[in-house]
Structures are given as C-alpha cells and as structure tokens.
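First up is the structure itself, then whatever we jot down about it.
The values are calculated or read from the model by the stated rules, or taken from the named source; none is laboratory data. From a predicted model like this one, the values you see are computed outputs, not experimental measurements. With ideal geometry, Cβ positions are generated from the backbone for all residues, glycine too; neighbour counts draw on all protein chains shown.
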Amino acid sequence: MDYIEGEILAFDKPLHWTSFDLVNRVRGMLCRALGVKKLKVGHAGTLDPLATGVVIVCTGRKTKQIDQLMEHTKEYEAVLQLGATTPSYDLEHPIDATYPTEHITRERIEQVLPTFLGEQWQVPPIYSAVKINGKRAYEYARKGKQDEVEIKPKLLVIDAIDMLAFDADTMQLTIRVVCSKGTYIRALARDIGERLSSGAHLIALRRTRVGEYKAEDCLTIEQLQEQLQQVNE
C-alpha cells in the first residue's frame, strides 16, 4: 500500500478513544514505519469517545476525498436507557432527572419509532462540536452558559430505525439506525424518550457502517501494526 501517495483505511475505533486519538496513532505508526517526519492523515466523520465502530482514515492525497466520504449514509446500533436523562444524553455525565416508565411497552415503542423515519429537524446536543457565534457548543456548556445560547435545529434524514431488543425489566432498548450525515444518535435517544412521554439517554453506541465500509471488515490498530511490521521485515 502507498500511504504517502494516499490510502483510504477503515478502522474499528476502540472505546474511550477520540477520533483524533485514532488519527494521531495511525499517523505516528505510519511515519515510523515509512521513515518520514510528516504525513497528511485525516478522518471522515467524528465518533464520540464513548462509541465504537467505523471511522474512515485517509492518508496522503486521499485526504481530498474526506468531504465526499463524510456524505455517506451511516448505520448504528444503539442501546438506550429509558426513564432517565443526562445533560449530554449519554454516560459522559451523571443522570440529572428520572421519569415514569410504567406506561412504556414494546407495542408503544413499535408505534413511536416509525415516526422518526424520513426528514427530521433535530436539535444537536449542547455537549457537541456545533458552532454557535464562533464557539463550540460544549464550550458554553462547560462554563454553565447553556441557557444563554440557542442551538438551531438541523435537517437530517433517517432511512431506517428498528427495534432490535427491549428489556421491560431494565427499560433498556436496543435499536438500529440508518441515517444521514449530521445525525446525533444521542439527540435521537433524547427525542425517543420524549415521544415515549418519558426520558432516555444513550448507554452504548456502535457505528456499524459508513457507506460501503462495514465494521466487520475494519482494521484494528493492532492489525495495522502487524501489517507494517511484515512490510519492514
């Protein structure tokens, strides 16, 4: 493979890594293996640290394709905890409110999920990288100024949303979502909770596909290291 000229690599991002952690690790490994000081490396689509799954990494001239790759449809598997919310809509922050769940049934969930199909206006989370007046939304949130700003809703498309599992005892719901660029699954969890007349937050997320790149076909960092070692032997 010609990493200097340009390659497109699909990685399975580990839990707790940021997308930038992944890019930095890949860049460092390639520079050492190739004996170069600099190499252009970028990723096509951020994945939260608490999520795992597909992150596309481009090197060399292939970085010019990042914008195009970011337009690809994405697929996720998400686990929602119904009946409670957090400020970030995931496990980054502790629960800030609880809600009744006695009325939530499998049948009710099956009625609600299809209402999210098609074009949707979604308000991104305050703990996100969305820009407001030149600053990232999370900068306001971390300073306790989230009430001073308004995050405008964004238009997105949800092509599919299915229930994979539901545990009525723990109130944990697992869903599959196929959606457009810019969809926040954390915000979707929030909205599902609201439409169920309760609350919800994300407790696990895995991106299983970006365009034609599937999680089962992705590289791990360890596999890349093995490939580079074999080339240098």
Search result, residues across the range 155-165 that are out of contact with any Asp or Glu (no Cβ under 9 Å at 6 or more places or on another chain) and within 15 Å of Val112 (Cβ to Cβ): Ile161, Asp162
For the range 21-30, state whether one or more residues are of a type in the set (Gly, Ala, Ser) and at positive phi. no
Kindly indicate whether any position in the range 144-156 is within 30 Å of Thr105 (Cβ to Cβ) and buried (at least 16 other Cβ atoms within 10 Å of the Cβ). yes
Residue list for the range 13-45, filter: surrounded by 20 or more Cβ atoms within 10 Å (Cβ to Cβ), in contact with a helix residue (DSSP H, G or I) (Cβ under 6 Å, 6 or more places away or on another chain) and of a type outside the set (A, V, I, L, M): Lys13, His43
For the range 150-182, name all the residues that are aliphatic (A, V, I, L, M) and either at pLDDT below 95 or not assigned by TED's automatic domain parsing to the domain that holds Ala84 (or both). Ile151
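To keep it simple, each residue is scored yes or no on (1) part of a strand (DSSP E or B); (2) surrounded by fewer than 16 Cβ atoms within 10 Å (Cβ to Cβ); (3) more than 17 Å from the chain's Cα centre (by Cα); (4) without any contact (Cβ under 8 Å) to a residue 40 or more places away in the chain.
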position: Leu80; (1), (2), (3), (4): yes, no, no, no
position: Glu92; (1), (2), (3), (4): no, no, no, no
position: Ile95; (1), (2), (3), (4): no, yes, yes, no
position: Thr101; (1), (2), (3), (4): no, no, yes, no
position: Gln111; (1), (2), (3), (4): no, yes, yes, yes
position: Pro114; (1), (2), (3), (4): no, yes, yes, no
position: Gln120; (1), (2), (3), (4): yes, no, yes, yes
position: Ile126; (1), (2), (3), (4): no, no, no, yes
Has the range 51-68 got any residue that is within 19 Å of Glu216 (Cα to Cα) and either free of Cβ contacts under 8 Å to residues at least 24 places away in the same chain or not in a strand (DSSP E or B) (or both)? no
For the structure I just gave you, tell me whether Ile132 is free of Cβ contacts under 8 Å to residues at least 40 places away in the same chain, surrounded by 13 or more Cβ atoms within 10 Å (Cβ to Cβ) and not basic (Lys, Arg). yes
Go through (1) more than 19 Å from the chain's Cα centre (by Cα); (2) of a type outside the set (Val, Ile, Thr); (3) buried (at least 16 other Cβ atoms within 10 Å of the Cβ) one by one and return the number of the condition Asp167 breaks. (3)
Do you know which residues across the range 18-54 are closer than 26 Å to Glu77 by Cα and β-branched (Val, Ile, Thr)? Thr18, Val23, Val26, Thr46, Thr52, Val54
Restricting attention to the range 187-223, report how many residues are surrounded by 21 or more Cβ atoms within 10 Å (Cβ to Cβ) and at pLDDT below 95. 0
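Any residue at all in the range 31-45 that's within 22 Å of the chain's Cα centre (by Cα), under 30 Å from Glu194 (Cα atoms) and not acidic (Asp, Glu)?
Kept after step one, since they are within 22 Å of the chain's Cα centre (by Cα), are these residues of the range 31-45: 41-45.
Narrowing the set further to residues that are under 30 Å from Glu194 (Cα atoms) leaves 45.
After this cut, where a residue has to be not acidic (Asp, Glu) as well, the list is 45.
There is at least one residue in the range 31-45 that is within 22 Å of the chain's Cα centre (by Cα), under 30 Å from Glu194 (Cα atoms) and not acidic (Asp, Glu).
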Where Thr183 falls short, out of the listed (1) in contact (Cβ under 8 Å) with a residue 60 or more places away in the chain; (2) touching a helix residue (DSSP H, G or I) at 6+ places or on another chain (Cβ under 8 Å): (2)
